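What follows is a short report on a single structure.
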Amino acid sequence: MARLNIVTAANRAEYVQLYVDYVLDTSVRAQFAAFRGGFELVVGGPALGLFRADEIELLVCGAHDFNIHDLATTATYDGGFAA
C-alpha cells in the first residue's frame, strides 16, 4: 500500500510545484505530443520561423474578437439545426 504524504507548511511549496507540473505537463503530455505532431506536419521545419508568436497564436486559437452579428447573418444551418 502506498504511503500518503501529508501536506504541511514545510512542504507546501513543493506540493504546489509538483501539482502544477502534473496538471500543466504530465497529465497532458500524450495529448500535447499528438497536437505538436499534427501542428509540425502543417507548419513544421523552417516555415515555423516565418511567424511571430502572436501569429502562431492566431493560427492555433483563432481570432479573439469577432462580430457576432456578421457571424449570425452569414451562418448556414443544416442537419435540422436553426438559429
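Observations on the structure shown:
- Just one of the listed residues (Asp78, Asp54) is acidic (Asp, Glu), more than 18 Å from the chain's Cα centre (by Cα) and open to solvent by 70 Å² or more (accessible area, probe 1.4 Å), namely Asp78.
- The requirement of being at pLDDT below 90, of a type in the set (A, V, I, L, M) and open to solvent by less than 80 Å² (accessible area, probe 1.4 Å) is not satisfied by Val7.
- Phe35 satisfies every condition listed in (1) farther than 15 Å from Val60 by Cα; (2) at pLDDT below 95; (3) open to solvent by 80 Å² or more (accessible area, probe 1.4 Å); (4) not aliphatic (A, V, I, L, M) except (1).
- Evaluating Phe66 against the criteria (1) loosely packed, with under 10 Cβ neighbours inside 10 Å; (2) under 15 Å from the mean Cα position of the chain (by Cα); (3) not aliphatic (A, V, I, L, M) leaves one unmet condition, (2).
- Evaluation of Val23 against (1) β-branched (Val, Ile, Thr); (2) modelled with pLDDT of 85 or more; (3) open to solvent by 70 Å² or more (accessible area, probe 1.4 Å) (one fails), failing number: (3)
The values are calculated or read from the model by the stated rules, or taken from the named source; none is laboratory data. Remember, predicted model here, so these are calculated numbers, not experimental data. FYI the Cβ positions are ideal-geometry reconstructions off the backbone, even for glycines, and counts take in every protein chain you see. Areas reflect the complete protein model, heavy atoms only, side chains present, ligands, DNA and RNA absent. Shrake-Rupley method; radii C 1.70, N 1.55, O 1.52, S 1.80 Å.
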